[in-house]
Amino acid sequence: MGVVGAGIIGLAVARQLLQTRPDVEVTVFDKEPTVGAHQTGHNSGVVHAGLYYPRDSLKARLCRRGVGLLREYCQDRHIPYVECGKTVVALTDDEVPRLRDIEERARHNGVPGLSRLGPAEIRDHEPHAVGVAGLWSPTTAIVDFVAVTRSYADDVRTAGGTLLLGTRVDGISRADEVVRVEASGERHEFDHLVLCAGLQSDRVARLAGDDQEPAIVPFRGEYLTVRPERTHLVRGLVYPVPDPRYPFLGVHFTRRVDGTLDIGPNAVLSTKREGYRRGDLNVRDLAETLAWPGFRRLARQHWRMGLTEMRGSLSRRAFVADARRYVPDLAPGDIDGRHAGVRAQALDRDGTLVDDFRISRMGRVTAVRNAPSPAATSSLAIAEHLCEGLL
């Protein structure tokens, strides 16, 4: 068995293969010298309870299954797992019906412990937050997903698996009984191959003969870090009510397991798939994004939101002003750092943002074409799902 990608999904899959069939040889490829180098290593660290996802969707089902598996795994491996809770805040009466929809959807999907909040009850959970109504999710947690991914890698090695890091996959060919992989000048043959290539998922899937769509359009999510002496402003997680007119969530407050507090992310088009700094540019990446018909349709539909996100990217004061709607005591001087991640947003040709997990099966090749949040939360459950039928 072969796996392309040593992020949290690829290593969870390799681990599951080895646990299910200890006699199977598993090889994991990644072009980077370390595991979890991209989306896994630059995400928010939030273990999602499953609040937002459409009823009975694959996302909802695998998130709920994945939360339990991840919690047990972290307890067994002594990886810090903190149920700090999430408060979803409605700022205006117009947002309250959408907040109720979230609650109803979450209850249907089996999210435990939810409670509605009035303005005073919001302050019971988050003394510095304001809003007309809220929803409290006590089981939403935080974890270090890089630590989890390294632990998965240790499990793979211990079970006899091979990690070929710093090894780029350049070619994939399929025959009746075998899949051939060309990687850094070497040829490998497998009974099955699973592609978990994240920001490169569309390109790697096309190497195996899969369709062009969905294409990956990279969006950089920028975070501001709050000064240590001001992290008391938020106890856990404070999130907005998503606006259904727009494809991204909006600025929110995220506590980390190391005690730091981040604000963000926003979402601005990245000019490089693996570009974590504002000036990063890859001409091929940008040209592919601009040439994709789905991106042009998305840009026409949401250009106003794009300008707002860009304003927050260019102006720290504007970014903080947006966050202050939820925590008015926050001030521009409370910020002392900035960092970013890049989201692999899958986009269909017609401009539709692919929201649910999407998996292609091409004979002996299985390709993860879209694994957005809550993919890290769901990693062990996704691995179970992907491995069904492979062994």
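The values are calculated or read from the model by the stated rules, or taken from the named source; none is laboratory data. Bear in mind the structure is a predicted one, so any value in this text is a computation, not a measurement. In this analysis, Cβ positions are derived from the backbone assuming ideal geometry, glycine residues included, and neighbour counts consider all displayed protein chains. Heavy atoms of the whole protein, side chains included, go into the accessibility calculation; ligands, DNA and RNA do not. Shrake-Rupley method; radii C 1.70, N 1.55, O 1.52, S 1.80 Å.
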Hits in segment 317-337 - residues which are hydrophobic (A, V, I, L, M, F, W, C) and surrounded by 17 or more Cβ atoms within 10 Å (Cβ to Cβ): Phe319, Val320, Ala323, Val327, Leu330, Ile335
Members of segment 82-116 that are within 20 Å of the chain's Cα centre (by Cα) and over 19 Å from Leu237 (Cα atoms): Asn109
Segment 174-210, subset touching a residue at least 24 places away in the same chain (Cβ under 8 Å) and of a type in the set (S, T, N, Q), residue least open to solvent (accessible area, probe 1.4 Å): Ser201
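Output the number of residues of segment 354-391 satisfying the condition of being farther than 27 Å from Arg180 by Cα and touching an Asp or Glu at 6+ places or on another chain (Cβ under 9 Å).
Within segment 354-391, residues that are farther than 27 Å from Arg180 by Cα and touching an Asp or Glu at 6+ places or on another chain (Cβ under 9 Å) number 2.
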Unmet requirement for Arg150, which otherwise passes all of (1) out of contact with any strand residue (DSSP E or B) (no Cβ under 9 Å at 6 or more places or on another chain); (2) modelled with pLDDT under 95; (3) of a type outside the set (Gly, Ala, Ser): (2)
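Yes/no matrix, rows are residues, columns are (1) modelled with pLDDT of 95 or more; (2) touching a Cys at 6+ places or on another chain (Cβ under 6 Å); (3) surrounded by fewer than 19 Cβ atoms within 10 Å (Cβ to Cβ):
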residue: His252; (1), (2), (3): no, no, no
residue: Gly264; (1), (2), (3): no, no, no
residue: Val283; (1), (2), (3): yes, no, yes
residue: Leu290; (1), (2), (3): yes, no, yes
residue: Gly294; (1), (2), (3): yes, no, no
residue: Thr308; (1), (2), (3): no, no, yes
residue: Arg311; (1), (2), (3): no, no, yes
residue: Ser315; (1), (2), (3): no, no, yes
residue: His339; (1), (2), (3): no, no, yes
Yes/no for Ala147 being touching a helix residue (DSSP H, G or I) at 6+ places or on another chain (Cβ under 8 Å) and small (Gly, Ala, Ser): no
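Considering segment 128-150 alone, what residues qualify as being part of a loop (DSSP other than H, G, I, E, B) and either in contact with a His (Cβ under 6 Å, 6 or more places away or on another chain) or open to solvent by less than 60 Å² (accessible area, probe 1.4 Å) (or both)?
Our first condition is that a residue be part of a loop (DSSP other than H, G, I, E, B); within segment 128-150, this holds for 128-132, 138-140, 144.
Those that are part of a loop (DSSP other than H, G, I, E, B) and either in contact with a His (Cβ under 6 Å, 6 or more places away or on another chain) or open to solvent by less than 60 Å² (accessible area, probe 1.4 Å) (or both): His128, Ala129, Val130, Gly131, Val132, Pro138, Thr139, Thr140.
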Unmet criterion (only one of (1) at pLDDT 95 or above; (2) over 30 Å from Val89 (Cβ atoms); (3) open to solvent by 30 Å² or more (accessible area, probe 1.4 Å)) for Glu121: (2)
Any hit, segment 362-384, residues being open to solvent by 70 Å² or more (accessible area, probe 1.4 Å) and either of a type outside the set (A, V, I, L, M, F, W, C) or within 18 Å of Val4 (Cβ to Cβ) (or both): yes
Cβ pairs under 7 Å, 6+ apart, first in segment 284-312 and touching a residue at least 24 places away in the same chain (Cβ under 8 Å) and closer than 16 Å to Thr271 by Cα, second of a type in the set (Gly, Ala, Ser) and part of a helix (DSSP H, G or I): Gly306/Ala299
Filter pass, Lys31 being closer than 27 Å to His339 by Cα, of a type in the set (Lys, Arg) and either over 19 Å from the mean Cα position of the chain (by Cα) or surrounded by fewer than 21 Cβ atoms within 10 Å (Cβ to Cβ) (or both): yes
Residues of segment 39-96 satisfying the condition of being within 24 Å of Ala344 (Cα to Cα), of a type in the set (A, V, I, L, M) and buried (at least 18 other Cβ atoms within 10 Å of the Cβ): Val46, Val47, Ala49, Leu51, Ala60, Leu62, Val67, Leu70
